[in-house]
Amino acid sequence: MPTTPTNAEVIARPLVLFVGTLVLGLLFDRLIWRIPVNIPDPPRLILGGVFVVVGVLLLFSAVASFARAGTGVRHAAGSSALVTNGPHAFTRN
């Protein structure tokens, strides 16, 4: 009789995927193709800061929706509920 897994069966840990993607992107930028950006420094830095703040707020919102549902964020710990609100109303869990 087949058993149902209680945790996500992922290819690699999220940290490995994140760091690997970051390193590949930096290598691509430095070694293969560099897009010239003709935006002055102050607006470019402000826009970058806005993206960082929005990303951090999205992270906290996602973690809060998992906490409200009573399930853990770690993929290896298993899940006790399906989160369908907050940022997860628009994306897959």
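The values are calculated or read from the model by the stated rules, or taken from the named source; none is laboratory data. A quick note: this is a predicted structure, and the numbers were derived from the prediction, not measured. No Cβ is skipped: glycine too gets one built from the backbone with ideal geometry, and neighbour counts run over all protein chains shown. Areas reflect the complete protein model, heavy atoms only, side chains present, ligands, DNA and RNA absent. Shrake-Rupley method; radii C 1.70, N 1.55, O 1.52, S 1.80 Å.
So that you can scan it fast, the table gives a plain yes or no per residue for (1) among the hydroxyl-bearing types (Ser, Thr, Tyr); (2) at pLDDT 85 or above:
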position	(1), (2)
20	no, yes
25	no, yes
39	no, no
51	no, yes
58	no, yes
65	yes, yes
68	no, yes
Quick one: count up the residues across the range 8-45 that are in a helix (DSSP H, G or I) and either surrounded by fewer than 11 Cβ atoms within 10 Å (Cβ to Cβ) or under 20 Å from the mean Cα position of the chain (by Cα) (or both). 20
May I ask you to list the residues in the range 52-75 that are under 21 Å from residue 15 (Cβ atoms), among the β-branched types (Val, Ile, Thr) and open to solvent by 50 Å² or more (accessible area, probe 1.4 Å)? 52, 56, 63, 73
Of (1) modelled with pLDDT of 85 or more; (2) open to solvent by 90 Å² or more (accessible area, probe 1.4 Å), residue 82 fails just (1)
